[in-house]
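No value in this document is a laboratory result; all are computed from the given coordinates. Predicted model, so just to flag it, every value in this text is computed and none were measured. FYI the Cβ positions are ideal-geometry reconstructions off the backbone, even for glycines, and counts take in every protein chain you see.
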Amino acid sequence: MGLYDLLDAEGKDDQKGKSPGVAVGVVADNQDPEGMGRVKVRFPWKDDADESTWARVVTPMAGKGRGLWFLPEVGDEVLVAFDHGDVQHPYVLGSLWNGTDTPPGDNGDGNNNIRKITSRSGHELVFDDTSGAEKVVIRTKAGHAITLDDAGGGEKIEIKDKSGSNKLVIDSAQNSIGIESSMKLTIKGQMVEIQSDANMTLKAGAVMTIQGSMVKIN
């Protein structure tokens with residue numbers, strides 16, 4: 001039985017090959033040979049070997065060499081519509097969570113403060129709208145993170161590695177910039193200049209070495 005007959009059997013329409021509504025399917029292939037970002041979909045009520053034609057994927061923005069590029073993964077559940085009901089021209093409207101493929105977050109407290117994008121491997125872009133503690137976080141699977149923190153009275157930008165021991169902090173509230181390393185900090189350039197408009201302190205917990213072809217102290 002072909003796709004047309006199977007859709008007809010579902011009572012979608014009395015005209016062969018027509019489906020005026022939407023259908024739930026599973027992505028079977030996302031490697032579009034023409035590079036158009038299309039996918040093929042397999043529907044649960046038909047033969048596993050029978051796939052849809054290449055379906056274009058709806059996205060918030062699309063244009064020549066630009067747009068939002070989030071291609072569904074093979075195995076993802078998607079919602080499909082058909083152009084003028086023609087099953088030969090499917091469109092993927094979006095992806096669906098289900099009892100097996102659950103969301104990467106929840107709204108357990110009912111405040112709905114967190115928005116996030118989570119990739120397959122676990123990289124995240126998190127928007128936290130918690131009142132008084134607003135921030136945006138970019139975090140890798142390993143735990144490296146960039147935090148743009150707008151928390152009242154504590155505004156700062158922080159870049160840190162997964163250990164948390166190596167970091168750079170731009171503190172807007174304190175008008176300060178801090179760089180920390182648990183082992184070694186290196187600043188290198190053809191010309192390096194360090195200048196203070198007021199006091200400057202150089203301090204070492206052990207030996208301090210100042211070296212150059214010529215050292216001038218004025």
task: Subtracting the Cα-Cα distance from 0.36 nm times the residue separation, let me have the gained length for Asn175 to Ile114 in nm, one decimal.
output: 19.1 nm
- line: Neighbours of Gln31 by Cβ distance under 12 Å: Lys/Arg at +1, Asp/Glu at -1, summed charge -2
- prompt: Across 5 Å bins from 0, what is the distribution of all Cα-Cα pair distances for region 114-175, in whole percents?
  reply: 4, 19, 24, 24, 19, 8, 2, 0
query: 222 nm [θ] for the chain, helices only, -39500 (n - 2.57) per DSSP H run of 4+, per residue, to 500?
result: -1000 deg cm²/dmol
query: Sorted by mean Cβ packing within 10 Å, highest first, what order do the peptides 31-44, 113-126 take?
result: 31-44, 113-126
Cα-Cα pairs of the chain separated by more than 21 Å (percent): 71 percent
task: Sort 179-185, 149-155 for me by packing, meaning the mean count of neighbouring Cβ atoms within 10 Å per residue, highest on top.
output: 149-155, 179-185
query: If you put +1 on each Lys and Arg Cβ and -1 on each Asp and Glu Cβ, how big is the dipole of region 22-87 around its Cα centre, in Debye rounded to 20?
result: 380 debye
- prompt: Say the dipole of the chain comes from +1 at the beta carbon of Lys and Arg and -1 at that of Asp and Glu; which of Gly85, Trp54, Gly153 then lies farthest toward its positive end?
  reply: Gly153
query: What does the charge dipole of the chain about its Cα centre add up to, to the nearest 20 debye, if the Cβ of each Lys and Arg holds +1 and the Cβ of each Asp and Glu holds -1?
result: 1320 debye
- line: Once Asp161 and Met183 are pulled to full extension, the length gained, defined as 0.36 nm per residue separation minus their Cα-Cα distance, is 6.6 nm
- request: Any chance you could count the Lys pairs in region 161-217 whose alpha carbons are under 19 Å apart, treating pairs 8 or more apart or on different chains as valid?
  value: 5
field: Positive minus negative residues near Gly75 (Lys, Arg vs Asp, Glu; Cβ under 12 Å)
entry: -3
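When Lys and Arg each count +1 and Asp and Glu each count -1, what net charge do the other residues less than 10 Å away from Ser182, Cβ to Cβ, add up to?
Charge balance near Ser182 sits at 0.
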